[in-house]
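A quick write-up on the structure given underneath.
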Amino acid sequence: MTDFVQALDPSKLVLVGTALSFVTSAFSAPVYNLPIFLFGMYAQEATEAVQSLKTFTFLLAGSMFYDIVWMFNNSQHWFTKLLTILLLILKIPTAFSFVTALQQRGTQFSGLGIRGSDLSGATVWSMPGGFTSGGREGYQNVDSPTNGPKPLSVPPTQPTQPAQPAPANPTAYQTV
């Protein structure tokens, strides 16, 4: 099975899927297939776009379920239904070929963005206030003593002198 999937050309599968979804879009058919396949054509052309390939693969796999639900809820002409079923069948090897292409590009493709059983990943955000730094790990109870620096004491301020009264006859130019 893996040799069969590796022998498939993802660009030709996406091209055929785009053509089939374009033909069926003029009739009573799922409207989301054409945008998904057009996005797939863009994603497979960009060699650095690993995230776009992942997104297309998830969209394609999810749309298979929606195709089945759509066909049960809506009636179609027999020829349009045949083309919709062919498109649904075409989505299976297309999704497998894109998973294989992603694995060949070095992408770890095990789940919804989780690398195997590694849930920690890279730290992108830390709690403000230093809960994850400064020698304290995690949260601190209210009753537990802190080992942090003590606040600086502020010396008392000197009393200020009363302000000078304003002159009785203010003019535009005054000397200070």
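Remarks
- Identity of the residue in segment 19-39, without any contact (Cβ under 8 Å) to a residue 40 or more places away in the chain and surrounded by 18 or more Cβ atoms within 10 Å (Cβ to Cβ), that ends up nearest to the chain's Cα centre (by Cα): Ile36
- Within segment 58-81, restricting attention to residues that are open to solvent by 80 Å² or more (accessible area, probe 1.4 Å) and not hydrophobic (A, V, I, L, M, F, W, C), the residue that is nearest to Thr18 (Cα to Cα) is Tyr66.
- Some residue of segment 42-57 being among the aliphatic types (A, V, I, L, M), surrounded by 15 or more Cβ atoms within 10 Å (Cβ to Cβ) and modelled with pLDDT of 90 or more: no
- Residues that are polar (S, T, N, Q) and more than 20 Å from Asp9 (Cα to Cα), drawn from segment 22-76: Thr24, Ser25, Ser28, Ser63, Asn73, Asn74, Ser75, Gln76
- Within segment 1-38, the set of residues being at pLDDT below 85, of a type in the set (A, V, I, L, M, F, W, C) and not in a loop (DSSP other than H, G, I, E, B) comprises Phe4, Val5, Ala7.
- Scan of segment 69-108 for residues that are without any contact (Cβ under 8 Å) to a residue 12 or more places away in the chain and either of a type outside the set (Gly, Ala, Ser) or within 18 Å of Val31 (Cα to Cα) (or both), ordered by number: Val69, Phe72, Asn73, Trp78, Phe79, Lys81, Leu82, Ile89, Gln103, Gln104, Gln108
- Checking Thr84, Thr100 one by one, the residue that is open to solvent by less than 80 Å² (accessible area, probe 1.4 Å), touching an Asp or Glu at 6+ places or on another chain (Cβ under 9 Å) and not basic (Lys, Arg) is Thr84 and no other.
The values are calculated or read from the model by the stated rules, or taken from the named source; none is laboratory data. These numbers come from a predicted model, not from an experiment. Every residue, glycine among them, receives a Cβ derived from its backbone with ideal geometry; neighbour counts consider all protein chains shown. Quick note on the areas: whole protein, heavy atoms, side chains included, nothing else; ligands and nucleic acids left out. Shrake-Rupley method; radii C 1.70, N 1.55, O 1.52, S 1.80 Å.
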